[in-house]
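Here's the structure, in structure tokens; my notes come after.
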Amino acid sequence: MTTALSWRLAEPADVPGINALTARSIRALHADSYDPAVIDEAVSHAYGVDWQLVRDGTYFVAEIDGAVVGAGGWSYRQTIAGAHGPDDPPGDRLDPAMDAARVRAFYVDPAYVRRGVGAVLLRLSEDGARAAGFARAELTSTIPAVPFYASFGYAPVRPFDLRLPSGSTLRLELMDKPLIPRSDPDR
Ligand SMILES: CC(C)(COP(=O)(O)OP(=O)(O)OC[C@H]1O[C@@H](n2cnc3c(N)ncnc32)[C@H](O)[C@@H]1OP(=O)(O)O)[C@@H](O)C(=O)NCCC(=O)NCCS
């Protein structure tokens, strides 16, 4: 029997499982949008959990039947893209009066896409950013995820190229959205 989707804050012990889920998600869902070599390198160096979000209590996991099926969060720090390990320095804090909160690192298990998992995580993240006083949210979307964020009101700003260690680039799209109080409970 399938139980309802639930969510909780991510914990350090979740990180290996989320990184494995991330790799599955990227490999299954990005094949039509990026070269295989870029996917391989980005899975190793660009995608995955940012430990700082876990430490800040701004990263969530979604579970179905006790299994983690998705992860995503937000940040009050400058860093906007890329995986960051446990030993990396924390990014500088943003000013909610001036800056846009970051929406970060959304990954859903390919077996569970289009069931509203990403939507739940995105609402949690936006609610967290609103509660911290932010009036805007910004993110760098992968190309295949642009329609997901657009369906929640994020507008494309400009392409954003994330440099990979080999010198090649991962093409992302910078997107933003005003975080007005939520009137539609579904969006
Ligand atoms: C992007 C991602 C997180 C979306 O997660 P999801 O759980 O499938 O999204 P939801 O089911 O909550 O979708 C909500 C709405 O977003 C839109 N949407 C989601 N995925 C879409 C797609 N592939 N194409 C078009 N619209 C899409 C739809 O309007 C959808 O509502 P609907 O299913 O009722 O039509 C997921 O596809 C994913 O993990 N992708 C690979 C990793 C990635 O690129 N992450 C983004 C990092 S910036």
Under a Cβ-only charge scheme (Lys and Arg +1, Asp and Glu -1), can you give me the dipole magnitude of the range 6-178 about the Cα centre, in debye to the nearest 20?
380 debye
Taking only DSSP H segments of four or more residues, each worth -39500 (n - 2.57), what value at 222 nm results for the chain once the sum is divided by all its residues, to the nearest 500 deg cm²/dmol?
-8000 deg cm²/dmol
Given 170-180, 100-110, the highest-first ranking by average Cβ count within 10 Å works out to 100-110, 170-180
The chain: translational diffusion in µm²/s, Stokes-Einstein, Kirkwood Rh over Cα pairs, 37 °C, 0.692 mPa s:
198 µm²/s
Carbon and sulfur: what percent of the chain's accessible surface (1.4 Å probe)?
54 percent
Ignoring ligands, DNA and RNA, what accessible area per residue does the chain give at 1.4 Å, in Å²?
49 Å²
Order 157-165, 34-42, 56-64 from most to least packed using the mean count of other Cβ atoms within 10 Å.
56-64, 34-42, 157-165
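The values are calculated or read from the model by the stated rules, or taken from the named source; none is laboratory data. All values reported here derive from a predicted model rather than from experimental measurement. Methodologically, a virtual Cβ is constructed for each residue, glycine included, from the backbone with ideal geometry; neighbour enumeration extends over all protein chains shown. Calculation scope for accessible area: heavy atoms of the full protein, side chains included, ligands and nucleic acids excluded. Shrake-Rupley method; radii C 1.70, N 1.55, O 1.52, S 1.80 Å.
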